[in-house]
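The values are calculated or read from the model by the stated rules, or taken from the named source; none is laboratory data. Quantities reported herein were computed from a predicted structural model and do not represent experimental measurements. In this analysis, Cβ positions are derived from the backbone assuming ideal geometry, glycine residues included, and neighbour counts consider all displayed protein chains. Heads up: the accessible areas ignore ligands, DNA and RNA and are worked out on the full protein's heavy atoms, side chains in. Shrake-Rupley method; radii C 1.70, N 1.55, O 1.52, S 1.80 Å.
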Amino acid sequence: MTRALAIHGLGHAYALRTVLEDIDLELPAGRTVALVGPSGCGKTTLLHLCAGLLTVQKGTLENGFLRPAVMFQQPRLLPWKTTRDNIALGLKALGVPAGERLARAGAVGRSVGLDELALGQFPHALSGGMQSRAALARALALAPDLLLMDEPFSALDIGLKSQLHRLLLEHQAAHGLAVLMITHDLMEAVRLADTLLVMAAEPGRIVHRVELATPARRRGDAEVYQTTARLLQHPAVCASFGLEPPAPAENGTGGCTVLPLHGDSDAGCAAPALRKKGFSC
Amino acid sequence: MTLLRAWLTGIPAYLWSGWGAIASLFLLLAAWEGASAVHGALILPDPGTVFATLAGLVDSGAAWPELAVTARRAATGLALAIAAGSTLGMLAGISMTASMMSRPLVTVLLGTPPIAWLVLAMLWFGASDGTPVFTVFIACFPVIFVGALQGTRTLDGHLREVATVYRLPLRMKLFDLYLPHVVSYLFPAWITALGTSWKVVVMAELLSSADGVGAALAVSRSHLDTAATLAWIAAVVLTLLTVEYLLLEPVKRELEGWRRQETEGGAA
Ligand SMILES: Nc1ncnc2c1ncn2[C@@H]1O[C@H](COP(=O)(O)OP(=O)(O)OP(=O)(O)O)[C@@H](O)[C@H]1O
Ligand SMILES: [Mg+2]
C-alpha cells in the first residue's frame, strides 16, 4: 500500500442521523489538507474515522501510513502523569527505553514552548494553551508520518500560533509528514494547507475545494491575506458558514487583481483563466 | 523509597492537622467519665480504669498474642477479598454484560448480614480458622468488588481513545490507564474493607474461636469484667485507628499526588 490516505464516497451516521455523506479525499505523504466548516458539520467525525476510532459504515477509507498520530479537539492528557510523561506516552508504547524517551519528550516539549517547570507539572496545573501544546508535543514526539489534528491551535495567542505554524512546517519538511487538520481559522488553513476543503452541514459534505499552488513554506503574508479575503467572498463558503452573501463583484481590491487558483472552477469573479500561481498585483 | 520518605516527612504535618480530631476525642472521654460517674463502675468503669487495665494486659504480655491471632485472621480474609474483589471487579467493569450481570449478585452479597455468613461458616468450617477468615472474606469482597467495578466503568472514554490511537499495549493500558484511575476508587474501598474485616473478625471469634480478641472478650464478659471488656474493645479500636490513619492515609495521599495538587490548586 502506498503512503497515502484515500477516502472515497465515505458516509457516516450516528444511529439514524446522517452526519457525513459522500466524502472524497486524497492525502499523499508530505501534503497538508485543511478542513474548514461550520460547527457540528462532522469534521471531528471524519477525523475519528481516519484515526480508526469509528468503523467505516459506507464507502472506503484506505490508510497506508504506518505511524499515525492524533491530536484531539480536547487536550486529553492523562491527569495522573506529568506533562513530560504524557508527551512520552507514544514513545513508551513503542518500547523506547525510559532515559531516551524522557529526553526526547523534553526536547519536543521545549520546541512547543513548554519550560522545565511545566514539563514537571501535572496537566491540571497547566493553562489551556499549555495543555494543547503538550497534546501537540505528544503527537509530534512519535515522529509520525500522518498527523491528524482537530483544531490544534485554537487555544493559542497569535505569537505562539505562528511559532507553532513554523514548527509544523519544519517537521513536515524534515519528515515528509502528511497532515490532515481541522481549523476554524480560515487564514491558518490558507497559510498551512496544500489543499483546503470547505464543508457544509446537514449532512456534512465537501462543497468547495481549493488547491494552493505555492508551497506553504514560501507563502508570503500578503498572499495569505488576499487568498483568505477572496475565499470569504466565495458563494459556497458564505453559504456554508451562513455569512451574508458577498456584494456584487467589483473586480480587484486595492489595486490588486485577484486571479483564480487551481481547482477553483466556479470562483465568484469572472477573471481570465490564467493558471499561474496565486495573485498578481 | 520515595514513598517511605514522603510518608515519614508527612507525619508531623499530618499529626498537626489532627488537632481538631484530638479535641473531639477528648470530649468523648469527658462524656464517658461523666456517664461512668452517674452509672457506677460496674456498668461503666471510667476511662482511667479501662486504660489501666489495657496497660496491664499489654505489660503482662497477654494482649499481644491475642491481637496477633486476630490480626492474622483478619489479614488473611482481607487479603483474599482484596485479591479476588479487585481482579474480578475490574474484569467485570471492562465488559458491559458482566457488570450488568454482577450487580444484582453483589447487592445480594452486600445485603446479607455478616452474622448470617458466620452461622453458615460455623456449619462449614467448625471451630477452625476457616470460620473467621471466610466471614471476613465474604463481608469484604462485595465492597471491594463494587469499588473496582465502578472505577473501571467510570474511566473517561476519551482517554480510552487516546490509548487506542497511541497504540498502548495491553500492559500499558493496565498500568498507565486503568490502574491509576481505578486505584482512586479501589483505595477507599480497601480502607472501608479494612474496617469491616477488623469488626467482623472480632464478632466471628466471639462466637466460634477459642483464641483471639473475640474469644478474650467472651471470657471477660462471662466473668462480668466490664473493665477488661472495655479494655479489649479499646485495644481493637486503637489498633484499627493506628493502622488506618498512620499507615494507609499517608500512602493514599502519596498515591493520589496528582489529585491532591488539583484540590490545592483549586483552593489557592
Ligand atoms: N458520539 C456521537 N453520538 C451521536 N451524535 C454525535 C456523536 N458525535 C457527534 N455527533 C453529532 O454529529 C454531528 C457532527 O459532530 P462533529 O463532532 O463531527 O462536529 P464538528 O464538525 O467537529 O464540530 P465542531 O467544529 O463544533 O467541533 C453533530 O451534530 C453531533 O451532534
Ligand atoms: Mg469538532
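Brief remarks on what is shown
- If you go through the range A:73-126 and pick out every residue that is within 10 Å of chain B (Cβ to nearest Cβ) and among the basic types (Lys, Arg), you end up with 3.
- Every pair of residues 6+ apart whose Cβ atoms lie under 6 Å, when the first sits in the range A:48-64 and is within 12 Å of chain B (Cβ to nearest Cβ) while the second is in a loop (DSSP other than H, G, I, E, B): A:His48/A:Leu54
- The condition (being modelled with pLDDT of 85 or more, over 25 Å from the mean Cα position of the chain (by Cα), of a type outside the set (D, E, K, R) and farther than 30 Å from A:Leu47 by Cα) is satisfied by just one residue among B:Leu177, B:Leu123, B:Leu149: B:Leu123.
- Highlighted here are the helices (runs of 4 or more DSSP H) found entirely within the range B:100-169 that include at least 2 residues which are of a type in the set (Phe, Trp, Tyr) and in contact with a helix residue (DSSP H, G or I) (Cβ under 9 Å, 6 or more places away or on another chain): B:114-125, B:130-153.
- Some residue of the range A:40-63 being modelled with pLDDT of 85 or more, within 13 Å of ligand 2 (Cβ to nearest atom), open to solvent by 10 Å² or more (accessible area, probe 1.4 Å) and polar (S, T, N, Q): yes
- Identity of the residue in the range A:174-187, within 15 Å of ligand 2 (Cβ to nearest atom) and open to solvent by 10 Å² or more (accessible area, probe 1.4 Å), that ends up farthest from the other protein chains (Cβ to nearest Cβ): A:Asp185
- Of the set (1) open to solvent by less than 10 Å² (accessible area, probe 1.4 Å); (2) out of contact with any Pro (no Cβ under 7 Å at 6 or more places or on another chain); (3) in a strand (DSSP E or B), all apply to A:Leu148 but (2).
- Search result, residues across the range B:1-56 that are open to solvent by 70 Å² or more (accessible area, probe 1.4 Å) and of a type in the set (Phe, Trp, Tyr): B:Trp16, B:Trp19, B:Phe26, B:Phe51
- Of all residues in the range A:1-31, those satisfying the criterion of being more than 15 Å from the chain's Cα centre (by Cα), part of a loop (DSSP other than H, G, I, E, B) and touching a residue at least 40 places away in the same chain (Cβ under 8 Å) are A:Met1, A:Thr2, A:Arg3.
- Test result for B:Ser184, at pLDDT 90 or above, touching a Gly at 6+ places or on another chain (Cβ under 9 Å), open to solvent by less than 60 Å² (accessible area, probe 1.4 Å) and of a type in the set (S, T, N, Q): no
- Residue check: A:His48 meets all listed conditions (1) near ligand 1 (Cβ under 10 Å from one of its atoms); (2) touching a strand residue (DSSP E or B) at 6+ places or on another chain (Cβ under 7 Å) but one, namely (2).
- Listed conditions (1) open to solvent by 20 Å² or more (accessible area, probe 1.4 Å); (2) within 14 Å of chain A (Cβ to nearest Cβ) are all met by B:Leu177, apart from (1).
- Per-region count, the range A:193-213, residues closer than 17 Å to A:Val179 by Cβ and open to solvent by 10 Å² or more (accessible area, probe 1.4 Å): 5
- Exactly one residue out of B:Val236, B:Val201, B:Val219 is free of Cβ contacts under 8 Å to residues at least 12 places away in the same chain and over 30 Å from A:Leu78 (Cβ atoms), and it is B:Val219.
- Any hit, the range B:114-137, residues being under 17 Å from B:Trp190 (Cβ atoms) and either open to solvent by less than 40 Å² (accessible area, probe 1.4 Å) or away from every other protein chain (no Cβ under 14 Å) (or both): yes
- Conditions (1) over 26 Å from A:Pro123 (Cβ atoms); (2) part of a loop (DSSP other than H, G, I, E, B); (3) within 15 Å of ligand 1 (Cβ to nearest atom): number failed by A:Pro75: (1)
- Evaluation of A:Ala34 against the conditions (1) open to solvent by less than 60 Å² (accessible area, probe 1.4 Å); (2) assigned to a strand (DSSP E or B); (3) more than 16 Å from ligand 2 (Cβ to nearest atom) shows that the sole unmet condition is (3).
- Matching residues in the range A:64-81 - criterion: being away from ligand 2 (no atom under 16 Å from the Cβ) and buried (at least 20 other Cβ atoms within 10 Å of the Cβ): A:Phe65, A:Pro68, A:Ala69, A:Leu77, A:Leu78, A:Trp80
Residue-wise test of (1) at pLDDT below 85; (2) within 23 Å of B:Val146 (Cα to Cα); (3) open to solvent by 40 Å² or more (accessible area, probe 1.4 Å).
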| residue | (1), (2), (3) |
| --- | --- |
| B:Ile191 | no, yes, no |
| B:Thr196 | no, yes, no |
| B:Val200 | no, yes, no |
| B:Gly214 | no, no, no |
| B:Ser222 | no, no, yes |
| B:Ile233 | no, no, yes |
| B:Lys252 | yes, yes, yes |
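- Inter-residue pairs, beta-carbon under 7 Å, first more than 14 Å from A:Met130 (Cβ to Cβ) and in the range A:147-171, second among the polar types (S, T, N, Q) and surrounded by 16 or more Cβ atoms within 10 Å (Cβ to Cβ), 6+ apart: A:Asp150/A:Thr44; A:Asp150/A:Gln73; A:Glu151/A:Gln73; A:Glu151/A:Thr183; A:Leu167/A:Ser111
- Residues that are more than 14 Å from chain B (Cβ to nearest Cβ), farther than 20 Å from A:Ala105 by Cβ and under 14 Å from the mean Cα position of the chain (by Cα) within the range A:132-161 comprise A:Glu151, A:Phe153, A:Ser154, A:Lys161, listed in sequence order.
- Scan the range A:102-120 for residues that are closer than 25 Å to A:Arg166 by Cβ and either outside any loop (DSSP other than H, G, I, E, B) or of a type in the set (Lys, Arg) (or both) and the total you get is 13.
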